[in-house]
Amino acid sequence: MTEPTAAPGAADDLAARIAALMPRAKADLAELVAMPSVADARQYPPEHCRRAAEWVAAAFADAGLEDVHLAETPDGSHAVIGHRPPPPGAPTVLLYSHYDVQPPLDDEAWHSPPFELAERDGRWYGRGAADCKGNIVMHLTALRALGDDLPVGLKLVVEGSEEQGTGGLEAYVPGHADELRADALLICDTGNAAVGVPTATTSLRGLANVVVTVSTLAGDVHSGMFGGPAPDALAALIRILDSLRDPDGGTRVQGLDADGGWPGVGYDEQQFRADAGVLDGVRLTGSGTVADRLWARPAVTVLGIDCPPVVGSAAAVPARARARVSLRVPPGTDAAAAADALTAHLRAAAPWGARVEVEREGTGSPFRAATDGPAYVALDRAMREAYGTPIAYLGQGGSIPLCNVLASTFPDAELILMGVEEPRCLIHAPNESVDPTEIERMALVEALFLRHYPGVAKG
């Protein structure tokens, strides 16, 4: 161990240790962000992911874990695996995160280079600064603060293809259950409702992604000679995509319930507008509360379209166009059934007899956590000590398919979703950032949880 041993004591002892570790946390995050670990060989060389995985393995080994190694998963990505045995009779906690990141998208939209950590207005900017390298640093900071004062066993898994949704770790887990088995699983790929509001996510939407291709002609034809009667594939695709929404913009896929309600803590509409960066005068889409639309109903997004670009486009009627469509699926809806409904809807909406092909990229089931076990009692205590307020429970519009795999593989374990990714982080968008105070206080939450959990579990 490189950090001094922490003696059992009050929360302010750990808080002081973590505060002293924050310069190291920033340096760690800067190193990680500098690695463009996008797990898509079509966009970035795979060696960037390999280098990030090796960095993570070395860092956790230095923080006291044993047998830290890279395990190849069925999609070819590498997960970082490690452990530390529990004291006699103590429970084991699994720590999860991922080192792969989303591509930066539009480099010109970034106010600083996406793969260089930059500080502005008290926040740290860079791709992966929050999702999910900030959570890796949170784990490391908590473990360094605890040193040898660790009253639980630990398991570690940091995956390398979460953002691509190719399911490497999901396929790996069932065959390696003993390697990852734990009493409580800290899935650190979410975050608080806002900076300073301690939160656990209890509900996740599932996911069904497809690529729809529309064909109308044998090839592009001159718009002057044939435009008018010649069916335009791009126009057909636009009509198909438009059919997925009601006039008010709410998602409407034939065969799916789009009227669900969220029973928990809400999401203030003005706060949502600010968090999402909705422009003045632009209305939110759909009906019902923001929480209903975000956590309890399906939501369709057109992620990308292949068609002629504006610059360089010709005076021609497009013969073919395609789009990548994402459908978020709320708890209570089967993801495979949602994919079936989306596929049938896209085909039925084709105008003019246009030919439609739908390729399924994959599905992920929605998830709902049980919150009545000892791990949640320990987490609430830790959050009260770190933030001064009790834990809040919220839904999450995103998807983490791994949660369902872990829940089915370890049915007696408690799953906790938490982390540093509050709304202002703008994960998956240009100018992603993290508030360093969230890394600091969530590291404190994790360290306190690891101290409290054994006593609560025995009680």
Task: Sequence of Val93, Val302, Val356 when ordered by accessible area, the most exposed leading, probe 1.4 angstrom - done: Val302, Val356, Val93
Task: Cα centre as origin, Lys/Arg/Asp/Glu Cβ charges: the chain dipole, Debye - done: 760
Open item on the list: Modelling each spin label as a point 7 Å along the Cα-to-Cβ direction, I'd like the Lys458/Val221 distance in nm, to one decimal.
Closed with: 8.1
Open item on the list: Suppose we keep just the DSSP beta bridges with both residues in the chain; what percent of those would be antiparallel, to 5?
Closed with: 70
TODO: Could you pull out every residue, at least 5 positions away or on a different chain, whose amide H is within less than 5 Å of the one on Ala321? Hs are placed 1.01 Å off N in the peptide plane, and Pro or chain starts have none.
DONE: Val214
Task: Under the Karplus curve 6.51 cos²θ - 1.76 cosθ + 1.60, θ = phi - 60°, whole-Hz ³J(HN,Hα) for segment 87-100, x wherever Gly or Pro sits - done: x, x, x, 8, x, 10, 10, 9, 9, 10, 6, 9, 9, 7
Open item on the list: At R0 = 56 Å, how high is the FRET efficiency between Thr285 and Arg50 if r is their beta carbon distance? Nearest 0.05 is fine.
Closed with: 0.85
TODO: Given the peptides 174-184, 230-240, arrange them by the average over their residues of other C-beta atoms within 10 Å, most packed first.
DONE: 230-240, 174-184
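Please give the contour-minus-distance gain from Asp178 to Arg324: 0.36 nm per residue of separation, less the Cα-Cα distance, rounded to one decimal in nm. Display every interim value, and only then the final one.
Values: separation 146, 0.36 × 146 = 52.56 nm, distance 3.75 nm.
Between Asp178 and Arg324, full extension yields 48.8 nm more.
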Open item on the list: Taking amide H atoms as placed 1.01 Å from N in the peptide plane, list the residues 5 or more away in sequence, or in a different chain, whose amide H sits under 5 Å from that of Gly419.
Closed with: Thr190, Gly191, Asn192
Task: Dipole magnitude of segment 259-306, debye to nearest 20 (Cβ charges: Lys/Arg +1, Asp/Glu -1, about Cα centre) - done: 60
TODO: Convert each backbone phi in segment 50-55 into a coupling constant with the Karplus relation 6.51 cos²θ - 1.76 cosθ + 1.60 (shift: θ = phi - 60°), then list the ³J(HN,Hα) values in order as whole Hz, x for Gly and Pro.
DONE: 4, 5, 5, 4, 5, 4
- [ ] Report, in debye and to the nearest 20, how large the dipole of segment 280-438 comes out about its Cα centre when Lys and Arg carry +1 and Asp and Glu carry -1 on their Cβ.
- [x] 760
Task: Nearby aspartates and glutamates by direct alpha-carbon distance to Lys458 (threshold 13 angstrom, same-chain neighbours under 8 apart not counted) - done: Asp183
Open item on the list: Please list, in order, the residues from segment 64-94 whose amide nitrogen is less than 13 Å from a point placed 7 Å along the Cα→Cβ vector of Thr409.
Closed with: 71-75, 79-82, 94
Task: FRET efficiency for Asp40 and Tyr393, using Cβ-Cβ distance with R0 set to 35 Å, rounded to 0.05 - done: 0.55
TODO: Using a 10 Å cut-off on Cβ atoms, rank the peptides 333-345, 102-114 from the highest mean neighbour count down.
DONE: 333-345, 102-114
Open item on the list: So, taking all protein chains as they sit and a 1.4 Å probe, how much accessible area belongs to Val310, in Å² rounded to tens?
Closed with: 130
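Take each of the peptides 187-199, 246-258, average the number of other beta-carbon atoms within 10 Å over its residues, and list them starting from the highest. Present the calculation step by step, with values, prior to reporting the outcome.
Numbers: 187-199: 21.5, 246-258: 14.8.
Per-residue Cβ counts within 10 Å, averaged per peptide and sorted highest first, yield 187-199, 246-258.
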Task: Modelled FRET efficiency - R0 51 Å, Asp13 with Glu359, Cβ distances, 0.05 increments - done: 0.40
Open item on the list: Check which residues have an amide H placed less than 5 Å from Glu361's amide H, if you skip close sequence neighbours.
Closed with: Asn209, Val210, Val211
TODO: Give the residue from Gly76, Ala58, Gly89 lying farthest towards the positive end of the charge dipole for segment 47-92; charges sit on Cβ (+1 for Lys and Arg, -1 for Asp and Glu) and the dipole is referred to the Cα centre.
DONE: Gly89
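Hey, what number do you get for the chain at 222 nm if only DSSP H runs of n ≥ 4 count, each worth -39500 (n - 2.57), divided across all residues, to the nearest 500?
Values: 13 runs with 149 residues, N = 459.
Mean residue ellipticity, 222 nm, calculated: -10000 deg cm²/dmol.
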- [ ] Give me the lysines in straight-line cross-link reach of Lys133: C-alpha distance below 30 Å, same-chain residues under 8 apart excluded.
- [x] Lys26, Lys155
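The values are calculated or read from the model by the stated rules, or taken from the named source; none is laboratory data. What you see is a predicted model, and the numbers here were worked out from it, not measured in a lab. FYI the Cβ positions are ideal-geometry reconstructions off the backbone, even for glycines, and counts take in every protein chain you see. When the accessible area is computed, the model is the full protein with side chains, heavy atoms only, and any ligands, DNA or RNA have been set aside. Shrake-Rupley method; radii C 1.70, N 1.55, O 1.52, S 1.80 Å.
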